[in-house]
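Below is one structure, written out as structure tokens, with a few remarks after it.
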Amino acid sequence: MLDAIPAAGQMAALLGEPLYEIWNQLCALTDEKYDMDRLWDKGGKAWVYEYKYRRGGRTLCALYARENCVGFMIILGKDERLKFEEGRESYTKEVQRIYDEAQTYHDGKWIMFLPQDASLFDDFIKLLRLKRRPNRKQPIK
């Protein structure tokens, strides 16, 4: 656990303005669909910060921050990997490639994306849905 949550200015300085905007868009997209606990932590050896979305002891996804780099990680268990494989063609070639290259451990396939823009966000939401249905009511338009 972190002693203090980083301020917006700290995050913008760490990531750079364009990636800070991507970070904020990813957070907003996830917050719009999911009502989750959000936990800040140290990022370990490779990252400065970790920002995890959890509920009921289970992690939905995590965002990572280091100098000029944003990471978006999702871990797919066995059943979720089967669902991905069934719908594989509905994902972009880039997401398929990153999925194929991701390391599989005993607890799941750890998929790390390093988004530079919002082009993969639709696929990110589809991946999150493999893990958990959105639990936030969408406003009626």
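The values are calculated or read from the model by the stated rules, or taken from the named source; none is laboratory data. Since we're looking at a predicted model, the values are computed, not measured. No Cβ is skipped: glycine too gets one built from the backbone with ideal geometry, and neighbour counts run over all protein chains shown.
Odds and ends about this structure:
- Scope the stretch 23-32; condition surrounded by fewer than 18 Cβ atoms within 10 Å (Cβ to Cβ) and farther than 18 Å from Q10 by Cα; matching residues: A28, L29, D31, E32
- Exactly one residue out of Y49, Y91, Y105 is over 10 Å from the mean Cα position of the chain (by Cα) and over 24 Å from N24 (Cα atoms): that is Y105.
- Among the conditions (1) charged (D, E, K, R); (2) more than 23 Å from I125 (Cβ to Cβ); (3) modelled with pLDDT of 95 or more, the only one that E21 does not satisfy is (2).
- For the stretch 61-120, taking the residues that are of a type in the set (S, T, N, Q) and farther than 28 Å from M11 by Cβ, the one that is surrounded by the most Cβ atoms within 10 Å (Cβ to Cβ) is identified as Q96.
- Failed item in (1) at pLDDT 95 or above; (2) in a loop (DSSP other than H, G, I, E, B); (3) over 25 Å from Q103 (Cα atoms), with D35 passing the rest: (1)
- Residue in the stretch 45-59 that is on the phi > 0 side of the Ramachandran plot, assigned to a loop (DSSP other than H, G, I, E, B) and not small (G, A, S) present: no
- Members of the stretch 44-57 that are touching a residue at least 12 places away in the same chain (Cβ under 8 Å) and surrounded by fewer than 17 Cβ atoms within 10 Å (Cβ to Cβ): A46, R54, R55
- When the residues of the stretch 38-90 are filtered to those that are in contact with an Asp or Glu (Cβ under 6 Å, 6 or more places away or on another chain) and of a type in the set (G, A, S), the one that is modelled with the lowest pLDDT is G43.
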